[in-house]
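Step one of this worksheet: look at the structure below.
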Amino acid sequence: MIEVEGLGKVYGKKQNAFIALDDVSLNIPNGSTVAIVGKSGSGKSTLMHIMSGLDHPSSGRVVIDGDDIHKFKTKALDNFRATQMSFIFQAFFVEANQTCYQNVALPLEIAGVSAGRRKKLVTAALERVDMSEKINAKAGNLSGGQKQRLAIARAIVNKPKLIFADEPTGNLDSTTGEKIIRMLFDLNKTLGATLVIVTHDHDLASRCEVQVSLKDGKLIQVITAKQEKNPASKRKVI
C-alpha cells in the first residue's frame, strides 16, 4: 500500500514561491494500476517524483508498506528505490553506446548481483519484452519502440514491487505506443507489481483501476474502475 498523506510541495520562496502540490492525500493498493492525470503544470510528475523518493515534499509524507520513505537516510532511500522500484520515462534514457545486455544489467551491477545471476535475470527480462535477439545489439541502433522495450526490460530486471512510468508512450507512434501499454499492463499482472502511470491520455487512464486527477497542484478526484462504470458514484474531492 502507498499512503500519501497531506503532501505539499513548494518551489522558491516568498513572492517567488510556486505551489506545485497542495495537501494531496490518497491510498494506492498493492498490485493495482494507477493513472495520474491532469494538464501540464497540474503537478502530475511532481507527485510521482515525491511518491518515488526522487524529490522531497515540503509537507506531508509518503508511506510505502509501513515505511515513511522520506525519513530514510540518503543511502537507505537509494537502496530502497534500487530494490523495490523501477522507472520508465518518455525519453527512454538508454545508454546508446552500450549493448542491450549491458543496459539491462546496469541495475543489477549497482545492486551487487553476481555475474552468473545477472546473466539469467537479464536474459529473462529481454525475453519478456521480445528483445532476446537484440541482446548484443548496441542500444543506439534500435528503433524508438525497441528502446522503450529495452527501458522496460531494465525496469523489470530486478522484479520491483513498484513501477513508475512517466508518459511512457510520449515519443512513440500510436501503434507502437499501444504495444508498450499492453506490455506494461501484462507485466502488472504477471509480476504483481503496482503500476503508476503519469499521463495526459484519458483513454489510457480509463484502462487503469485507479485514476487520480490533479489540477493546479490540488487533488480533484479519485476514480476506481467500478466507479468509472457508475459515474454517479465518483468520488468528488473538490
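The table that follows gives values for the structure above.
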{"quantity": "Inter-label distance, nm, simple model (7 Å from Cα along the C-beta direction), Asp203/Asp216", "calculated": "3.1 nm"}
{"quantity": "The chain: calculated mean residue ellipticity at 222 nm from DSSP helix runs of at least 4, using -39500 (n - 2.57)", "calculated": "-10500 deg cm²/dmol"}
{"quantity": "Fraction of beta bridges assigned by DSSP in the chain that are antiparallel (%, nearest 5)", "calculated": "55 percent"}
{"quantity": "Pairs beyond 30 Å (Cα-Cα), from Lys179/Lys218; Lys44/Lys120; Lys13/Lys73; Lys120/Lys189; Lys119/Lys161", "calculated": "Lys179/Lys218; Lys44/Lys120"}
{"quantity": "Length gained when the stretch Ala76-Met1 is fully extended (0.36 nm per residue, less Cα-Cα span)", "calculated": "25.1 nm"}
{"quantity": "The chain: most fluctuating residue of Glu133, Glu209, Glu167 per GNM, C-alpha cutoff 10 Å", "calculated": "Glu133"}
{"quantity": "Gyration tensor (Cα) of the chain, equivalent ellipsoid semi-axes in angstrom", "calculated": "31, 21, 17"}
{"quantity": "Sorted by Cβ density within 10 Å, fewest first, the residues Leu187, Leu54", "calculated": "Leu54, Leu187"}
{"quantity": "Among Lys14, Lys179, Lys73: highest mean-square fluctuation, GNM of the chain, C-alpha pairs under 10 Å", "calculated": "Lys14"}
{"quantity": "Within the chain: Cβ-based charge dipole about Cα centre, in debye rounded to nearest 20 (Lys, Arg +1; Asp, Glu -1)", "calculated": "240 debye"}
{"quantity": "Estimated FRET transfer efficiency (Glu127, Tyr11; beta-carbon r; R0 41 Å; 0.05)", "calculated": "0.45"}
{"quantity": "Cross-link reach list, aspartates and glutamates versus Lys159, counting only Cα pairs under 15 Å and skipping chain neighbours closer than eight places", "calculated": "Glu109, Glu127, Asp186"}
{"quantity": "Footprinting exposure proxy for Arg81, Arg61 (fewest neighbouring C-beta atoms within 10 Å first)", "calculated": "Arg61, Arg81"}
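Since every read-out is calculated from the coordinates, none of them should be taken as a lab result. What you are looking at is a predicted structure, and each value in this text was computed from that prediction instead of being measured. So basically every Cβ, Gly included, is an ideal-geometry build from the backbone, and we count neighbours across all protein chains shown.
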